[in-house]
Amino acid sequence: MRRQTIVIGCLVAFAVAGLFVSLFSSVALAAFRSVRVSGFSVNANLGLYSDSECTQKLTSIDWGALSPGDSAVRTVYVKNLGNSRLWLSLSTTNWTPSVANGQVALSWNREGATLAAGQVMRATLTLTVSPDARSFTAFNFDTVITGEVRRSRF
């Protein structure tokens, strides 16, 4: 009888430990987002680089693991490769899953800035995950940086 009680006690302890590990794993998976921007798109007159000397073209950014409510900041360098002054803008597209768009936001400190021909500008990108973003565990998207030439009407 005593041996049977010990065996049952051990089985209950293992079951409780297994339940705890399962719950902890579920919470951990729901809390962390592995983020990789799948690509950058820039128009022909712009170059995007990871270094200020503009020798390392940037094709993606690894944002690391982010939890709901977190933000991450990365620095990039934008170069005007054309002959005209450009007005800069940033947008995103191709969200996977699509529900992430709106629960995750990408912004930068150069929206509407002008970039002279040949000029390099340091830009700060900020990725913010909403505290309510819990319906997905991973996401990615494409970043589009545009340099627009604006002509005077006069």
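All of the numbers you see were taken from the coordinates with simple rules; none came from a lab. Note that this is a predicted model, so its numbers are computed, not measured. Every residue, glycine among them, receives a Cβ derived from its backbone with ideal geometry; neighbour counts consider all protein chains shown.
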Dipole in debye (nearest 20) - segment 34-148, about Cα centre, beta carbon charges: Lys, Arg +1; Asp, Glu -1: 140 debye
Show log10 I(q)/I(0) for segment 34-148 at q = 0.16 Å⁻¹, two decimals, from a solvent-free Debye sum over equal Cα scatterers. -0.71
